[in-house]
1. Under a 5 Å amide H to amide H cut-off, with H placed in plane at 1.01 Å, what residues pair with residue A:117 once short-range neighbours are removed?
2. What is the sum of charges, Lys and Arg at +1 and Asp and Glu at -1, for the other residues whose Cβ falls under 10 Å from the Cβ of residue B:157?
3. With θ taken as phi - 60° and the coefficients 6.51, -1.76 and 1.60, list the Karplus ³J(HN,Hα) couplings across region A:77-91 in order, rounded to whole Hz; mark glycine and proline as x.
4. For chain A, modelled as a Gaussian network with Cα springs under 10 Å, which listed residue fluctuates most, A:55, A:188, A:167?
5. Give the residues of region A:104-128 whose amide nitrogen is closer than 19 Å to a point set 7 Å from the Cα of residue B:248 in the direction of its Cβ.
6. Determine ³J(HN,Hα), in whole Hz, for all residues of region B:129-135 in sequence, where each value follows from phi through the Karplus function 6.51 cos²θ - 1.76 cosθ + 1.60 and θ = phi - 60°; x replaces Gly and Pro.
7. So which residue, out of A:135, A:156, A:126, gets the largest mean-square fluctuation from a GNM of chain A using Cα contacts under 10 Å as springs?
8. Given labels modelled 7 Å from the Cα in the Cβ direction, how far is it in nm from residue A:2 to residue B:204?
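Please treat every number below as a calculation from the coordinates, not as lab data. On a predicted model such as this, the values are computed, not experimentally measured, just so you know. So basically every Cβ, Gly included, is an ideal-geometry build from the backbone, and we count neighbours across all protein chains shown.
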Amino acid sequence: MQRIARLKESPSQTAGPYVHIGMLPNFAGIDGVFDEDLGARMIVGEAKGERITIRGRVFDGVGAALKDVLLEVWQADAQGLFPSQEGADPAFTGWGRQAADMDTGEFAFETVKPGPVPFRDGRLMAPHVSLWIVARGINLGLQTRIYFADEDEANASDPILSRIEHRDRIPTLLAEPKGDGTYRFDIRLQGENETIFFDF
Amino acid sequence: MNAFKQKQAVLQTPGGHDRPGGGLYARDRSWHPAALTPAYKTSVTRSPTRAPISFPTTLGEETGPVFTRDRLGPLDADLVHNFARSPDGAIGPRIVVQGRVLDEDGRGVPHTLVEVWQANAGGRYRHKKEGYLAPLDPDFGGCGRCLTDEAGRYEFRTIQPGPYPWPNGPNDWRPAHIHFSVFGQSWGQRLITQMYFDGDPMIWRCPIVGTIPSPEGIESLVARLDMEATIPMDARVYRFDIVLRGRRQTLFENRMEGL
Ligand SMILES: [Fe+2]
């Protein structure tokens, strides 16, 4: 039989405790190499839509907040368009990168609430932000989604949420509104209320 | 200042997103380290215990941030000089790391951002949480970045990092390594990994390397010394290719793209 010549993906390795040096050098105190840390600002002008802040912490299996974790988000703009789709908001980058505070473990993304984006079959997915988490002790970056607890109707018909068999786990994907445009999204790596992670 | 102008990279989803194909090849999770790898102790409390839930990629997984060359500085990919005040640059064995970012079908991934970070020649990181007794090099920061060219090629100039001890077992050492962060053209290709050096005996003793299930997987992260490419009287060259997930493509789809 003929062989299918395909390469294997490079195996993942942990980002380690010093991930900030390469990915947020100014945050790490390495000044003067890059002018600004990438992903620090997602809003780069008069962005359309509702300004929100997503705050949270990442907890390990013994309930301690990770203080060395780094997170990235990728999302559509307020109209549901990704950055250079026709008509997308030029004042919004769609991509953010933040480290948790080294003392408290708290992270924050200042962004806009995304609009709905179509699923493969054209049905709309509820507004959501894709979230990627890397840290020491995490061997392969964890993928999850931030949905919004105040989007009941859209969440109820979301094609991804709909396929989750254990309905009681869905709240782990919902950011809770706290007023003033702030949402709380804590991630639990293990234990009761372990956050749902995705493989796609 | 806006760090990077970002544009969307749309993967092959011609003629509408609802067509079959266009998604990424499923990730072979048995080839990657498991989440729980007890010999690497920190993974014990940081590994999810439930299986991840699968879904087919959508626009959000098939697109990703795009970074443009105009925001890169001239020394971004030169770790010997990008932090140095001395014109001589950082201390240590001078090397060039070059290679390609490919997808699983062997196609070069063009114009994608590659970020690296590493310890100095003594094995010490410039980081406030780092306490190894080896000294900092005042002329070495340890970060670099570049974009691949149209064929997926990248290149860094740096110094060979030293091995360093780390708190895990009573006497664990990391082999010399460079950390890599790669974007590819979509969110679903996002990858962080590490590059090791040909012939380093510490590779096979390291619990973090050992999280990779197969010797073949480990070998695929070991850069090869390229004496032909080596620059005489200046720097040795190490070759390191990085493979990101590929994407489904059919002839039909290629035609739809006008190829
Ligand atoms: Fe390291």
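1. A:125
2. Cβ neighbours under 10 Å give a net charge of -2.
3. Coupling constants for region A:77-91: 7, 4, 8, x, 10, 7, x, 10, 4, 3, x, 5, 6, x, 8 Hz.
4. Sorting by GNM fluctuation, first place goes to A:167.
5. A:118-123
6. 8, 10, x, 4, 6, 4, x
7. Sorting by GNM fluctuation, first place goes to A:156.
8. With each label point 7 Å from Cα toward Cβ, the separation is 3.8 nm.
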